[in-house]
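Computed from the coordinates by the stated procedures, all read-outs in this text should not be read as laboratory data. Please read all numbers here as calculations on a predicted model, not as lab measurements. So basically every Cβ, Gly included, is an ideal-geometry build from the backbone, and we count neighbours across all protein chains shown.
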Amino acid sequence: MQADILKTVLSPMYIQKVLDSQYKLNNINNVILIRSSSNDIYRIITEDNQYIFKIFNLGKTFKDLEFEIEYMLYLNCNNILVSFPLKTISNKHFIYIDYPEGTKLAILTSYIKGRKLEYISNDIYLFGRNVAKFHKVSNSFLIPTVKQKKYNIFEILHEKKVIIENFLRQYHYQYFNFFSNFSNNLLSLRNIKFSEGYYHNDLHTDNTRKIDNGIYLFDFDFSGYGYLIYELSVFKWSCIINNKINIWKNFIKGYKSILAVNAQELEYMYYFVAIRDIIVMSFYLNRINIIGHKAINSTYINERMKFLKNINKQIAKRS
């Protein structure tokens, strides 16, 4: 019997053969594996340019990728700086690659040479302005319902809640009741109507590059029709995680210089910060058979529960 395969990582030499057969690139000099996580990311260096080759996990559907491609191309055509997929020899913006565990989708994008945004006043103020400009353009994005990709945050939260509860029940039962009650409280927000639109849904500094003419956005894997409050909460979450919470005011000030934000919705910000942390935690727990229990140890769980308890205190102060 053939053993189950958790994850195959393709060699740079094989990736070069794939790219040579699918794209018109000018002599590939080097292929470097940057990251192998849920997706595999390669840096491609040719004689005259650089690119990023991204191979998605098996869960990526063609329908979702089709939406993401149309969204990125639309933004690019409307002067929003984004990294978007290049066309293949056969005039498509994607390819399929066969793996032992199944067929995966992949895209080739340009490489952005700028620097990652820093948690400093000017960078973050400009980021806030750029995000607002991106949202303003997104407000005019129209796509047929059949292709629409919804990012239903409460459906996602419920799914992630179950993953974490199962883990806590087995390994860290002392946190089970707190987490179950807290996540149920978060789910109660689904009865409230929040502002909706097309958003990135993963906006933090790792998905940005600053160059002379502005700030590039990339990694639109989670983009779709969802809540503005969640979009903004992702960045606030990253500020808290990086002990830079004071810089949040520069971001929101920059954002408000372009677009208004509903003050009542901002009152729910910490609820969505907690939802973000739960989504990220479940991502790691769901991959524990690949990354190992040593990475997801008691220290990690203690820190995450401490974080959620602190957020719960912030929510209680505003109640």
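So how strong a dipole does the chain carry about its Cα centre when Lys and Arg Cβ are +1 and Asp and Glu Cβ are -1, to the nearest 20 debye?
For this selection, approximately 820 debye.
When the Cα centres of region 213-246 and region 295-315 are compared, how far apart do they sit, in Å?
Between the Cα centres of region 213-246 and region 295-315 lies a distance of 20 Å.
DSSP loop GluC sites (Glu not before Pro) in region 203-291 with at most 16 other Cβ atoms within 10 Å of their Cβ, which ones?
Sites meeting the loop and neighbour criteria: 267.
Using only alpha carbon pairs under 8 Å that are at least six residues apart, calculate the relative contact order of the chain and give it in whole percent.
17
How far is it, in nm, from the label point at residue 5 to the one at residue 293 when both lie 7 Å from their Cα along the line to the Cβ?
2.7
Using DSSP to call loops (not H, G, I, E or B), can you name the trypsin sites (Lys or Arg not before Pro) in region 193-238 whose Cβ has at most 10 other Cβ atoms within 10 angstrom?
Filter output for region 193-238: 193.
If I histogram all Cα-Cα distances within region 264-319 using bins 10 Å wide from 0, what percent of pairs lands in each bin?
22, 44, 24, 10, 0
Given N residues in region 153-260, what is its alpha carbon radius of gyration divided by 2.2 N^0.38 Å?
Normalised Cα radius of gyration, region 153-260: 1.28.
With the Cα gyration tensor of region 224-277 in hand, give its eigenvalues times 5 under a square root as the equivalent ellipsoid semi-axes, listed largest first in whole angstrom.
Over the Cα atoms of region 224-277, the ellipsoid semi-axes are 16, 15, 10 Å.
What full-extension length gain, to one decimal in nm, is calculated for residue 90 and residue 306 as 0.36 nm per residue of separation minus the Cα-Cα distance?
Extra length from residue 90 to residue 306 when fully extended: 72.6 nm.
Express in whole angstrom the spacing between the alpha-carbon centres of region 8-24 and region 34-54.
Here the two parts' Cα centres lie 11 Å apart.
What does the convex hull of the Cα atoms come to per residue for region 12-110, in Å³?
106
If the chain between residue 172 and residue 263 were fully stretched, how many nm would it gain, using 0.36 nm times the residue separation less the Cα-Cα distance?
Difference between extended and current length: 29.0 nm.
In whole Hz, what ³J(HN,Hα) sequence does region 170-186 give by Karplus (6.51, -1.76, 1.60; θ = phi - 60°), x for Gly and Pro?
For region 170-186, the Karplus-derived couplings read 8, 10, 9, 4, 4, 9, 4, 5, 4, 5, 4, 5, 5, 5, 5, 5, 5 Hz, x marking Gly and Pro.
Enter the Cα centre distance for the pair region 61-104 and region 128-152, rounded to the nearest angstrom.
The distance from the Cα centre of region 61-104 to that of region 128-152 comes to 17 Å.
Out of these labelled values of Rg and Dmax of the Cα atoms in Å, [x] 18.0, 61; [y] 25.2, 83; [z] 20.5, 62, which was calculated from the coordinates shown here?
[z]
Rounded to two decimals, what is the ratio between the C-alpha radius of gyration of region 201-319 and 2.2 N^0.38 Å?
1.17
Work out, step by step, the length gained on full extension between residue 140 and residue 180: first 0.36 nm times the residue separation, then minus their alpha carbon distance; give nm to one decimal.
That works out to 10.5 nm of additional length.
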